[in-house]
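The values are calculated or read from the model by the stated rules, or taken from the named source; none is laboratory data. Bear in mind the structure is a predicted one, so any value in this text is a computation, not a measurement. When we count neighbours, we look across all protein chains shown, and the Cβ atoms used for this are built from the backbone with ideal geometry, even at glycine. To get the accessible areas, we keep the full protein, side chains included, count just its heavy atoms, and leave off ligands, DNA and RNA. Shrake-Rupley method; radii C 1.70, N 1.55, O 1.52, S 1.80 Å.
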Amino acid sequence: MHDLRMVREHIDALRAGMRRRGALEVLAPAIDRAVTLDKSRRDTIQAVEERKAARNAVSQQVGQRKRAGESADDLQQQSRALGDEIARLDRELAETERELSSILLELPNVTLDSVPGGGEESNVVVRTWGQPREGVRVEPHWEVGARLGLIDFERGAKISGSGFIVFRGAGARLVRSLMNLMLDVHTREHGYEEIWVPVVVNRASMIGTAQLPKFEEDMYALKDEDAFLIPTAEVPLTNLYRDEILPESELPKAMTAYSPCFRREAGAAGKDTRGLLRVHEFDKVELVRYATPETSGQQLELLTAHAEKILQLLQLPYRVVQLASGDTGFASAQTYDLEVFASGVGKWLEVSSCSNFTDFQARRANIRYKPADGGKPRFVHTLNGSGLAFPRIIAALLEHHQQPDGAIVVPEALRGYLGAERLT
RNA sequence: GGACAGGUGGCCGAGUGGUUGAAGGCACCGGUCUCGAAAACCGGCAUACCGGUGAACCCGGUAUCGAGAGUUCGAAUCUCUCCCUGUCCGCCA
């Protein structure tokens, strides 16, 4: 969410930001409307507060007279009239603020100046690691998974629906191993606090991290309560300190959590849905950091490196892609995608999206810190990234580490957890 | 799910329908004292929004005592609904 001052004083920057996202045309009317509403909001506030001040003064006089045993009928009459006006103006104000905030909640963040303009075609590969296997025939993961009895797609679909996966045997153990490896590395080597979170969150949390209101149709909603299944542990982790003020000494704050993630993937039907590529429920270890505005840029580099470390340990070739403005997510100001190469599918698969949200989420979720120099509380900057998402990692493992004899070589770092060097 | 008891500032805690943004204490910050520290004493110490020239400082105003609605000239204080916490009972992994 943007500061109202942005609308009032930096409207050109806001428009330019929307243009860089390629969204100005669609959003221009909303921005114009916000400007109008902001003006009328302030006018109404002035009018209503003036009357409230008058009423407070009159009421005090009533009190004085009554204590003196005098009648105050005339003043009460006056106060009642003011009260009626106040009620009317308050309703007007509430309506204005409701509309204004609904507009503000649906405007995306502005990307940083360092982010290239344009759409997906302007994304930049900033580095690659490892060597993709190309020109070799590799069995796709859904075939390997079925052949080795690691994944039971049919029964997953039977008990839950398409896009729900059953892992079994060494496959199930692989999921558990990935969880332990990632959490161990992030807590022991990267200094994150391990958190175990609820997977059901309330509406305020979903608004805080900006899944709502815009993406409600992508969320699994509970039927009897105003609550949702989390699409990522980002939601509970980032909202952990919602409506709180942290001392600056606690920054940067680093938290990690494993969680299942639930996504309806509305409108994505038929696109890259084969095997494990796009599913409705999956597992993920998430990294979240809070930082000061001055350090959030470096913090993003750090967080991205932490996610990359896992790919290196798994010996999977990957590339880091700096997303262009138009391809950057709604709440993000800057995003690096980590893409792993799956040699069976023959594609780069996104396994992590590392973002700096600047104060966009912090403003929605009201997460602030008290500066060490004693100044006014400021909004923190929030960052997060997957570290990493399991299904595509499993796909890449089953494809990249596949041997000519069809066996899968387990990367060194995973062997202790999995208790095997090869899957056959 | 049922029955009680509660939700007040960073924390503890007082609060009568009327100068209560809210006594008192703790914590914290500044000062006096001290060679230094402790103690003692003095002072300061919420947030958001609106306005006063844009910014800093400052000044004025409004709102905030779990949330919302109501009664009233006036609500932390009365009424209703909801949320949350505690205790007991029931149920349950």
Extreme residue, nearest to residue A:111 (Cα to Cα), among residues of the range A:349-371 that are at pLDDT below 95 and open to solvent by 40 Å² or more (accessible area, probe 1.4 Å): A:359
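Could you count how many residues in the range A:284-314 are among the aliphatic types (A, V, I, L, M) and within 21 Å of residue A:235 (Cα to Cα)? Please lay out each step first, then the result.
Filtering the range A:284-314 down to residues among the aliphatic types (A, V, I, L, M) leaves A:285, A:287-288, A:291, A:300, A:302-303, A:305, A:307, A:310-311, A:313-314.
Within this subset, residues satisfying the condition of being within 21 Å of residue A:235 (Cα to Cα) are A:285, A:287-288, A:291, A:300, A:302-303, A:307.
Result for the range A:284-314: 8.
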Only one of (1) modelled with pLDDT of 95 or more; (2) closer than 30 Å to residue A:424 by Cα; (3) hydrophobic (A, V, I, L, M, F, W, C) is not met by residue A:138, so which one is it? (1)
Cβ-Cβ below 9 Å, separation at least six or inter-chain, first residue in the range A:411-424 and within 19 Å of residue A:146 (Cα to Cα), second surrounded by 15 or more Cβ atoms within 10 Å (Cβ to Cβ) and polar (S, T, N, Q): which pairs? A:418/A:177
Residue check, residue A:118 touching an Asp or Glu at 6+ places or on another chain (Cβ under 9 Å) and surrounded by 11 or more Cβ atoms within 10 Å (Cβ to Cβ): yes
Checking the condition closer than 22 Å to residue A:210 by Cα and either at pLDDT 95 or above or within 9 Å of RNA strand B (Cβ to nearest atom) (or both), which residue from A:111, A:96 passes? A:111
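Determine if the range A:35-42 includes at least one residue that is within 12 Å of RNA strand B (Cβ to nearest atom) and open to solvent by 70 Å² or more (accessible area, probe 1.4 Å). Break it down stepwise before answering.
Here is the first cut: in the range A:35-42, the ones within 12 Å of RNA strand B (Cβ to nearest atom) are A:37-42.
Still in the list and also open to solvent by 70 Å² or more (accessible area, probe 1.4 Å): A:39, A:42.
Among the residues of the range A:35-42, at least one is within 12 Å of RNA strand B (Cβ to nearest atom) and open to solvent by 70 Å² or more (accessible area, probe 1.4 Å), which makes the answer yes.
Go over the candidates A:406, A:387, A:374 one by one and state the one that is at pLDDT below 95, touching a Phe, Trp or Tyr at 6+ places or on another chain (Cβ under 9 Å) and either closer than 15 Å to residue A:182 by Cβ or assigned to a loop (DSSP other than H, G, I, E, B) (or both).
Details: A:406 fails: touching a Phe, Trp or Tyr at 6+ places or on another chain (Cβ under 9 Å); A:374 fails: touching a Phe, Trp or Tyr at 6+ places or on another chain (Cβ under 9 Å).
The unique qualifying residue is A:387.
Here is a yes/no grid of residues against (1) of a type in the set (A, V, I, L, M, F, W, C); (2) open to solvent by less than 10 Å² (accessible area, probe 1.4 Å); (3) part of a helix (DSSP H, G or I); (4) touching a residue at least 40 places away in the same chain (Cβ under 8 Å):
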residue: A:149; (1), (2), (3), (4): no, no, no, no
residue: A:176; (1), (2), (3), (4): no, no, yes, yes
residue: A:180; (1), (2), (3), (4): no, no, yes, yes
residue: A:191; (1), (2), (3), (4): no, no, no, yes
residue: A:197; (1), (2), (3), (4): yes, no, no, yes
residue: A:206; (1), (2), (3), (4): yes, yes, yes, no
residue: A:211; (1), (2), (3), (4): no, no, no, no
residue: A:223; (1), (2), (3), (4): no, no, no, no
residue: A:237; (1), (2), (3), (4): yes, yes, yes, yes
Just the residues that are surrounded by 15 or more Cβ atoms within 10 Å (Cβ to Cβ) and farther than 20 Å from residue A:290 by Cβ, please, taken from the range A:225-235. A:227, A:228, A:229, A:231
Residue list for the range A:281-328, filter: part of a loop (DSSP other than H, G, I, E, B), open to solvent by 40 Å² or more (accessible area, probe 1.4 Å) and at negative phi: A:294, A:295
Given (1) over 41 Å from the mean Cα position of the chain (by Cα); (2) within 9 Å of RNA strand B (Cβ to nearest atom), index of the condition residue A:52 fails: (1)
Considering only the range A:1-34, how many residues are more than 18 Å from residue A:99 (Cβ to Cβ), within 16 Å of RNA strand B (Cβ to nearest atom) and touching a residue at least 12 places away in the same chain (Cβ under 8 Å)? 1
For the range A:357-376, state whether one or more residues are within 30 Å of residue A:244 (Cβ to Cβ), touching a helix residue (DSSP H, G or I) at 6+ places or on another chain (Cβ under 7 Å) and away from RNA strand B (no atom under 16 Å from the Cβ). yes
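Looking at this structure, is residue A:126 on the phi < 0 side of the Ramachandran plot, loosely packed, with under 12 Cβ neighbours inside 10 Å, at pLDDT below 90 and more than 16 Å from RNA strand B (Cβ to nearest atom)? Can you show your working first?
Values: on the phi < 0 side of the Ramachandran plot: yes; loosely packed, with under 12 Cβ neighbours inside 10 Å: yes; at pLDDT below 90: no; more than 16 Å from RNA strand B (Cβ to nearest atom): yes.
For residue A:126, the condition - on the phi < 0 side of the Ramachandran plot, loosely packed, with under 12 Cβ neighbours inside 10 Å, at pLDDT below 90 and more than 16 Å from RNA strand B (Cβ to nearest atom) - is not met.
Looking at the range A:103-114, can you tell me whether even one residue there is free of Cβ contacts under 8 Å to residues at least 60 places away in the same chain and either loosely packed, with under 13 Cβ neighbours inside 10 Å or more than 22 Å from the chain's Cα centre (by Cα) (or both)? Even if it seems obvious, please write down each step before you answer.
Taking the range A:103-114 as the starting set, the residues that turn out to be free of Cβ contacts under 8 Å to residues at least 60 places away in the same chain are A:113.
With the extra rule that they be either loosely packed, with under 13 Cβ neighbours inside 10 Å or more than 22 Å from the chain's Cα centre (by Cα) (or both), the set shrinks to A:113.
Yes, the range A:103-114 contains at least one residue that is free of Cβ contacts under 8 Å to residues at least 60 places away in the same chain and either loosely packed, with under 13 Cβ neighbours inside 10 Å or more than 22 Å from the chain's Cα centre (by Cα) (or both).
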Only residues in the range A:306-328 that are touching a residue at least 40 places away in the same chain (Cβ under 8 Å) count as the first member; pair them with residues that are open to solvent by 10 Å² or more (accessible area, probe 1.4 Å) and among the basic types (Lys, Arg), Cβ under 6 angstrom, at least 6 apart or cross-chain, and list the lot. A:320/A:127; A:325/A:20; A:325/A:21; A:326/A:21
Does residue A:13 satisfy the criteria of being closer than 30 Å to residue A:84 by Cα, in a helix (DSSP H, G or I) and not β-branched (Val, Ile, Thr)? no
Checking A:397, A:383, A:388 in turn, the sole residue that is crowded, with 24+ Cβ neighbours inside 10 Å and closer than 14 Å to residue A:423 by Cβ turns out to be A:397
What residue, among those in the range A:61-86 that are aliphatic (A, V, I, L, M) and open to solvent by 40 Å² or more (accessible area, probe 1.4 Å), is nearest to RNA strand B (Cβ to nearest atom)? A:81
